[in-house]
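Shown next, in structure tokens, is the structure this report addresses.
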Amino acid sequence: MKLKAKDRLIVALDYKTLDEVKDIVNEIGDAVSTYKVGLELFLNTRGEAVDYLHSIDKKVFLDLKFHDIPNTTTMASMFANKQEVFMFNVHAGGGPTMMRSVADMLKENSSDSIAIAVTVLTSFTEEEAAAHFKSDLNISGLANHWAIETKESGLHGVVCSPLEAKKIKELCGENFYTICPGVRPLWAASNDQKRIMTPKIAVENGADFLVVGRPITKSENPVHAAKLILEEIEAGLKIINS
Ligand code: C5P
């Protein structure tokens, strides 16, 4: 997979207003080309954040985690496809029929959007997962199982911890995308992230796309922070390509 360092960095815009988005995106400028728009920003700006980012030629990862019956999820995915978002996601918990329906729609429409699945939300503890899913599998077993289902359904990748990316690549193949939050350079605060990895080590471990928010958006110098992270991604790429 020949992705350049800049193509791999996705900056999370965890804001409520378009003004905040405009400020930070203008400040970052050319250093970053892809931004993540989640539920908070999408709903508060009534979708305008997506239009704004596209109007200034930025790519959008639409992180709305669709989870419904196959027809409804496929119609929601059709919206994402019509918006020409770079990437969007569904919940693997919706099951293989749902994911296959989305994958078929994308194929029929010759879509370029990357459609990925969320497996087990990282907010689950092992105890909560055991009580909720009543499965013999632990969280990473469930995440791996759902990653395989995602791949077999025809979607393109999963959101996972950088700690799990290597295993998922082994199970689902090199071309199956791993999109990893929980990335922290050594110089940044971990904030509320618990299971973290540096950008360089995440790339070495099979992370294709790195989702990074606060280390860049809350930095005193967001451009410098983004550049340092890109350098680390570059260093990781040198190692995997050598
Ligand atoms: O600021 P920070 O780098 O922690 O932001 C990471 C982004 O990735 C946030 O938008 C967060 O909601 C999202 N995310 C995450 N962990 C997951 C899934 C999504 O941190 N498992």
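Taking every residue in the range 214-242 that is under 20 Å from Ser190 (Cβ atoms) and pairing it with any residue that is in a helix (DSSP H, G or I) and open to solvent by 30 Å² or more (accessible area, probe 1.4 Å), at least 6 positions away or on another chain, the pairs with Cβ-Cβ distances below 6 Å are Pro222/Glu27; Glu232/Lys200; Gly236/Lys200; Gly236/Glu204. Can you spot a residue in the range 68-84 that is of a type outside the set (Asp, Glu), within 16 Å of the ligand (Cβ to nearest atom) and under 24 Å from Ala12 (Cα atoms)? Looking through the range 68-84, none of the residues is of a type outside the set (Asp, Glu), within 16 Å of the ligand (Cβ to nearest atom) and under 24 Å from Ala12 (Cα atoms).
Out of Lys65, Lys36, report the one residue that is on the phi > 0 side of the Ramachandran plot and within 16 Å of the ligand (Cβ to nearest atom). Let's see the steps before the verdict.
Working: Lys36 fails: on the phi > 0 side of the Ramachandran plot.
The conditions single out Lys65.
A Cβ distance below 6 Å, combined with a sequence gap of six or more or placement on separate chains, defines the contacts here; from the range 176-204, residues that are within 8 Å of the ligand (Cβ to nearest atom) reach residues that are aliphatic (A, V, I, L, M) and outside any loop (DSSP other than H, G, I, E, B) in the pairs Pro181/Val211; Val183/Ala202; Val183/Leu210; Val183/Val212. Apart from one condition, Thr125 fits all of (1) β-branched (Val, Ile, Thr); (2) buried (at least 18 other Cβ atoms within 10 Å of the Cβ); (3) closer than 27 Å to Gln193 by Cβ; the exception is (2). For Leu155, the conditions (1) over 18 Å from the mean Cα position of the chain (by Cα); (2) assigned to a loop (DSSP other than H, G, I, E, B); (3) modelled with pLDDT of 95 or more are fulfilled apart from (1).
The single condition among (1) open to solvent by less than 80 Å² (accessible area, probe 1.4 Å); (2) modelled with pLDDT under 95; (3) within 16 Å of the chain's Cα centre (by Cα); (4) not basic (Lys, Arg) that Asn191 does not satisfy is (3).
The values are calculated or read from the model by the stated rules, or taken from the named source; none is laboratory data. All of these numbers come straight from a predicted model, not from anything done at the bench. Quick reminder, even Gly has a Cβ in these numbers, built from the backbone with ideal geometry, and neighbours come from all protein chains shown. Only protein heavy atoms, including side chains, enter the accessible area calculation; ligands, DNA and RNA are left aside. Shrake-Rupley method; radii C 1.70, N 1.55, O 1.52, S 1.80 Å.
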